[in-house]
Every structure is written in C-alpha cells, then in structure tokens.
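Student: I am attaching a structure below and will ask some questions about it afterwards.
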Amino acid sequence: MTTTTQHTQQTLAVQARGLRKNFGKGDTEVTALKGVDLDFPAGQFTAIMGPSGSGKSTLMHCLAGLDTVTAGTIHLGGTELTALNDKALTQLRRDRIGFVFQAFNLVPTLSAEANITLPVALAGGTVDKEWFQYITTTLGLNGRLKHKPHELSGGQQQRVAVARALLTRPDVIFGDEPTGNLDSRSGAEVLGMLQHSSREMGQSIIMVTHDPVAASYADRVVLMNDGELVGELLEPTADSVLASLAKLGA
Ligand code: ADP
Ligand code: MG
C-alpha cells in the first residue's frame, strides 16, 4: 500500500519510493524491504511499528543513511540521499539528521552541556546560545548541565540525548526504541519532550518502537509486516495501536 496521496500538499521531511533492501546472497538472501513507498511530512512525529523481523530497523537505517538500499530512492528535503557517496552521506547525517538511540550514547567523561554541544563543536560550528537555553530549559536540564552522565538518571540522560539531537535543528530526528531502557515514568517524560518538540518547535521525528504506549505520543503510526507497509493510523491511541498489531498477529 502507499500513504503518499493524502500528503502531497505538504512539505516533506523524508520521501521514500520503491525501497528494497536485500541482505545476503543466494540461498541465504533475505528481502527485508519489499518495495516501500512512504512520505514523512515536515513537522510530523511518526512511529514505525510492526512485528519483530518486519523490517522496522532496516527501514529506519536506510532512511537515516546508515545503510544503503538495494533499490529505490530516498529524499531528505530536496536532497536525494540514495545518490550520495559515503563522504557526502556522513556530512549529511552530521548536519541534517539527529539520532536518539536506545543506549543513550553519551560521552561519559563529558558534562551534559559538553555532550549536547559536541556535534556542533565537531562540525566546527558555533552554538546558538538562545536556542541552547530554550531547549535545555524546555527539557528541564538547567540544573544538570555541569553533571556527567553517570550523575544523571536514565530519563535525564535520554533528555540530554534529545537536546543534543535538537540543537542542530536537524531536518529529522530518528529514534530507535528511544525509551527502551527507561522506566515508564522516565519514558513518558522523554516521549512528552519528543511530542513537544514536534508540536511546538516543528521538529520532524521518525521513531521505531514496539511499545503501543510510546507510539500513542506520535501523530501517526505506520505499520510494517514482512518487509511491506501494511497500514497507517492517524492520532493513534495505545488501544488502537494494540488492535492494529493484533490483526497482524504481532
Ligand atoms: P525489525 O526491526 O522489524 O525487527 P529488521 O529490520 O531488524 O526487523 O529485520 C528485517 C529482516 O531482515 C529480518 O528477517 C532480519 O533477520 C533481516 N536482517 C536484518 N538485518 C540483517 C543483516 N544485517 N543481515 C542479514 N539479515 C538481516
Ligand atoms: Mg529492530
């Protein structure tokens, strides 16, 4: 199926057409993506869901330029990601994509503040101080900026990772189970912050999750099954997501 028609009037953060991804060769070849057409409107918070092995991580890795596709095209804004060489792709990931992973991936020897500004520093840029202030205040990190990661709770560490992702004003933030290592209260805080950054800051977010409650924070859920896009839910609730997954036998 395709979900391209209803969004044609909107600016797209990411557009995928005819995405195929094979792993391995011959007898052991696996087709992880079997021709996926998908639009991600700018400013929208989308969750990707589906049974284990349905291709969620593969899709996210391809969309984020972390893996190559076997066939098809991906556009990030006006740039065809699938036409870039390694060097250009590395630069595009650094400058235009934010990541929030399940493991927080903070540098243990650096303060929260230094972790948040690290990508900007590595890119030789200057930190927009007002934006930094706004993000860290919104994320409730003001009293924690001098602390090292091990002096922070899991929820605070993930909020640092979200701040780091937001600071460069990326075209899109990709999350792979961003609340997978958090207790439900901290997870709710982080998801609330992601939702806020989409609604109030216009941040485009694409998140892979297996958790219907996490998905309910998104504006839209796209459902994968066996390497294909099989459905879409707008304004999802935990119950509507659970019901849709149950139909897939997840
Ligand atoms: P999900 O994230 O939905 O659990 P994945 O995208 O990880 O699914 O996997 C989709 C399919 O591709 C599965 O059959 C998986 O075994 C296969 N796959 C994923 N990554 C690799 C890889 N690096 N090598 C071989 N097969 C892979
Ligand atoms: Mg996965």
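Laboratory data are not the source of any read-out in this text; all were calculated from the coordinates shown. Everything numeric here is computed off the predicted structure, so don't read it as measured data. Glycine also receives a Cβ, built like all others from the backbone with ideal geometry; neighbour counts cover every protein chain displayed.
Student: List, in the order given, every pair from 21/87; 56/247; 25/56; 56/129; 87/129; 21/247 whose Cα-Cα distance in the structure shown is over 27 Å.
Tutor: Working: 21/87 21 Å; 56/247 17 Å; 25/56 21 Å; 56/129 36 Å; 87/129 29 Å; 21/247 25 Å.
As for pairs spanning more than 27 Å Cα to Cα, those are 56/129; 87/129.
Student: With unit charges on the beta carbons (Lys and Arg positive, Asp and Glu negative) and the dipole taken about the Cα centre of segment 12-247, which residue among 105, 234, 36 sits farthest to the positive side?
Tutor: Of 105, 234, 36, it is 105.
Student: Dipole magnitude of segment 128-250 about its Cα centre, charges +1 at Lys/Arg Cβ and -1 at Asp/Glu Cβ only, in debye to the nearest 20? Write down the numbers at each step before the final one.
Tutor: On the way: 11 positive and 16 negative charges, 125 e Å.
Using Cβ point charges on Lys, Arg, Asp and Glu, segment 128-250 gives about 600 debye.
Student: With no solvent and one point per C-alpha, what does the Debye sum give as log10 I(q)/I(0) for segment 1-93 at q = 0.16, 0.21 Å⁻¹?
Tutor: At q = 0.16, 0.21 Å⁻¹ the computed log10 ratios are -0.68, -1.12.
Student: Something else now. I need the semi-axes of the equivalent ellipsoid of the chain: take the C-alpha gyration tensor, multiply each eigenvalue by 5, square-root it, list largest first in whole angstrom.
Tutor: Values: eigenvalues 171, 89, 58 Å².
Its equivalent ellipsoid spans semi-axes of 29, 21, 17 Å.
Student: Follow-up. Bin by bin, in steps of 5 Å, what percent of the Cα pairs in segment 211-250 do you find, going until the bin that has the longest distance?
Tutor: 6, 27, 38, 21, 8
Student: Calculate the dipole size of the chain relative to its Cα centre from +1 charges on Lys and Arg beta carbons and -1 charges on Asp and Glu beta carbons; express the result in debye to the nearest 20. Each step should come with its number before you reach the end.
Tutor: Numbers: 21 positive and 25 negative charges, 105 e Å.
Dipole of the chain, to the nearest 20 debye: 500 debye.
Student: Rounded to the nearest 500, what is the chain's calculated 222 nm mean residue ellipticity when only DSSP H runs of at least 4 contribute -39500 (n - 2.57) each, over all residues?
Tutor: On the way: 8 runs with 86 residues, N = 250.
Helices in the chain give a 222 nm mean residue ellipticity of -10500 deg cm²/dmol.
Student: Turning to a different aspect of this structure: Can you tell me the FRET efficiency between residue 68 and residue 129 if r is taken as the Cβ-Cβ distance and R0 is 41 Å, rounded to the nearest 0.05?
Tutor: Details: r = 38 Å, r/R0 = 0.92.
Efficiency at R0 = 41 Å is approximately 0.60.
Student: Okay, moving on. Provide 95, 39 in ascending order of the number of other Cβ atoms located within 10 Å of each residue's Cβ, fewest first.
Tutor: Numbers: 95 14, 39 22.
The fewest-first ordering by Cβ neighbours comes to 95, 39.
Student: Moving to a separate point now. If each residue of separation counts as 0.36 nm, what is the full-extension length gain between residue 146 and residue 201 once their alpha-carbon separation is subtracted? Before the final figure, lay out the partial values.
Tutor: On the way: separation 55, 0.36 × 55 = 19.80 nm, distance 2.52 nm.
Fully extending the segment from residue 146 to residue 201 adds 17.3 nm.
Student: When only C-alpha pairs under 8 Å and at least 6 residues apart count, what is the relative contact order of the chain, in percent?
Tutor: Details: 487 pairs, mean separation 67.6, N = 250.
With pairs under 8 Å counted, the relative contact order is 27 percent.
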